[in-house]
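Reading through the C-alpha cells given below for one structure.
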Amino acid sequence: MRSKDEYLESIHTLDHLVFIQGKPVNSIVENPLSRPSSMAMAETFYQAQFGENQNLFTCRSHITGERINRFAHIQHTTEDLIKKIDMLRIMGRKTACCFQRCAGLDCMNTMYAITYDIGHGPSRLHDRRKRRPKPVTIPAGRPGPVPAY
C-alpha cells in the first residue's frame, strides 16, 4: 500500500503541465488552490496505514489476498458497502472537502460487475478487468491551458 508521503512525492515526479486560473502551477501540493484537494487525497492513504480507523480503511483483496486500501477494493457483500459508507463519512469529517476517490472507487466496482455480466460469469474480458489497473500515460504534445470564460 502506498503511504501518504509516497503519494505526495509521486505528484512531484509526474511530468505534467497544470494550469490554475490560466497560470502554470509548479507544485500542485504547494499551490494554495490545489493543496486542499491534494492533502485530502493524501489523507486516504494516511488513514489506511496509521489512522485510528485503519481496519475500516483497509481490507483483504479477493484477487491477491494482500491487505489493500479500501478505496481499491471490489465490494462483494453488504458489509463491504456499509464499511465503504462508514469510511466515506469519516473522510468527510476529517477533510471537510472532496477527497477525490469516490468516482474511481465506484467506476472500478461498476466495471467489475459489468464485465462479469457481459461474459455471463468469468471471461477473458472480466479477467483483464481484474488485473491491477495500470497508470495512464499522457502523450507528448499535451494541450495548453483551457481558456477561462
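A few points about this structure:
- The accessible surface of the chain, taken with every protein chain in place and a 1.4 Å probe, is 56 percent carbon and sulfur.
- Bridging of Lys84 to aspartates and glutamates at a Cα separation below 13 Å is possible for Asp106, once same-chain residues fewer than 8 apart are set aside.
- Helix 35-49 axis, angle to the chain major axis (alpha carbon atoms, nearest 10°): 30 degrees
- Candidate aspartates and glutamates - alpha carbon under 16 Å from Lys4, same-chain residues fewer than 8 apart omitted: Glu30, Glu43, Glu52
- Value of Rg to Rh for region 1-53, rounded to two decimals, is 1.04; Kirkwood radius and Rg both from alpha-carbon coordinates.
- Axis angle, to the nearest 10 degrees, between helix 4-13 and the longest C-alpha principal axis of the chain: 50 degrees.
- Accessible area, probe 1.4 Å, largest first, for residues Thr115, Thr64: Thr64, Thr115
- Region 78-92 and region 1-34 have Cα centres lying 27 Å from one another.
- Placed amide H near Ile74: partners under 5 Å, 5+ positions off or other chain: His62
- Loop-located chymotrypsin sites (Phe, Trp or Tyr not before Pro) across region 12-101 with a Cβ neighbour count of 14 or fewer within 10 Å are Phe50, with loop assigned by DSSP.
- Translational diffusion of the chain, µm² s⁻¹ [Kirkwood Rh, Cα pairs; Stokes-Einstein; 4 °C; 1.567 mPa s]: 74 µm²/s
- The angle between the Cα long axis of helix 102-118 and the longest principal axis of the Cα atoms of the chain comes to about 40 degrees, rounded to the nearest 10.
- Fully extended contour minus Cα-Cα distance, from Arg35 to Asp127, at 0.36 nm per residue: 29.4 nm
- Counting only Cβ charges, +1 for Lys and Arg and -1 for Asp and Glu, the dipole size of region 14-138 around its Cα centre is about 180 debye.
The values are calculated or read from the model by the stated rules, or taken from the named source; none is laboratory data. Everything numeric in this text was worked out from a predicted model, so none of it was measured. Note that each Cβ is placed from the backbone with ideal geometry, even for glycine, and that neighbours are counted across all protein chains shown. Heavy atoms of the whole protein, side chains included, go into the accessibility calculation; ligands, DNA and RNA do not. Shrake-Rupley method; radii C 1.70, N 1.55, O 1.52, S 1.80 Å.
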